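Participant: One structure is given below, represented as structure tokens, and several questions about it will come after.
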Amino acid sequence: MVFGVLILAISCQTREQLNTSMVIETKTAVDSVTGLVIDKNFELIRGQCTACHSAKLITQNSASREGWEQMIRWMQRDQGLWDLGANEALILDYLALHYGPKKKGRRTPLTNIDWYYLQE
Ligand code: HEC
């Protein structure tokens, strides 16, 4: 019995270490309530973009800066979204940076490579 508890404690610890290394790898902190990426513009997005709907609409979407601008225009035209003023540029920066077009599964192929023969 005591033995079992001990093993449990050890396995919890390794899991914690794993989680920590995962956070370091992804390098982005995410707000646990909204799911939005936290950076210097996060508060602005939370304030301006979660009043009418869940932030999930944002986190599940991805678009270029132009694409996000079109969505904002559409909400302004049809959904009662207000003029974002000077904040709009910051909001678009944030959206395009964190919710830009889906990244490809692989890195893009290298170009301009100087190939060379391996010497034996
Ligand atoms: C005045 C209310 C309001 C505000 C504020 C608002 N939206 Fe929306 N938004 C809507 C409505 C209404 C919809 C449609 C919801 C639905 O279809 O359920 C919507 C839909 C969306 C969608 C989904 C679009 C699609 O094509 O499916 C995204 C993404 C989105 N909003 C992002 C944002 C962002 C980013 C902001 C901050 C700049 C924002 N919203 C602020 C009203 C608003």
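Every number in this text was worked out from the coordinates using simple rules, so none of it is lab data. For clarity, every value in this text was computed on a predicted model and none was experimentally measured. With ideal geometry, Cβ positions are generated from the backbone for all residues, glycine too; neighbour counts draw on all protein chains shown.
Participant: With a Förster radius of 35 Å, plug the Cβ-Cβ distance of residue 29 and residue 79 into 1/(1 + (r/R0)^6) and report the FRET value to the nearest 0.05.
Facilitator: For residue 29 and residue 79, the calculated efficiency is 0.75.
Participant: Sticking with this one: For segment 43-70 and segment 78-92, what is the centre-to-centre distance using only Cα atoms, to the nearest Å?
Facilitator: Cα centres, segment 43-70 to segment 78-92: 10 Å.
Participant: Further, regarding this structure: List the residues, sorted by chain then number, that are 5 or more residues from residue 30 or on another chain and whose placed amide H is less than 5 Å from its amide H.
Facilitator: 38
Participant: Would you mind ranking 66, 120, 88 so that the residue whose beta carbon has the fewest other beta carbons within 10 Å leads the list?
Facilitator: 120, 66, 88
Participant: Quick one: Karplus J couplings for segment 44-49, per residue in order, coefficients 6.51, -1.76, 1.60, θ = phi - 60°, nearest Hz, x for Gly and Pro?
Facilitator: Running phi through 6.51 cos²θ - 1.76 cosθ + 1.60 with θ = phi - 60° gives 5, 5, 4, x, 8, 10 Hz.
Participant: Turning to a different aspect of this structure: Over the alpha-carbon set of segment 27-98, divide Rg by the Kirkwood Rh and report the Rg/Rh ratio to two decimals.
Facilitator: 0.92
Participant: Now, a different point. Based on the mean of other Cβ atoms within 10 Å per residue, sort peptides 80-86, 30-36 so the most packed one is first.
Facilitator: Ranking the peptides 80-86, 30-36 by packing returns 30-36, 80-86.
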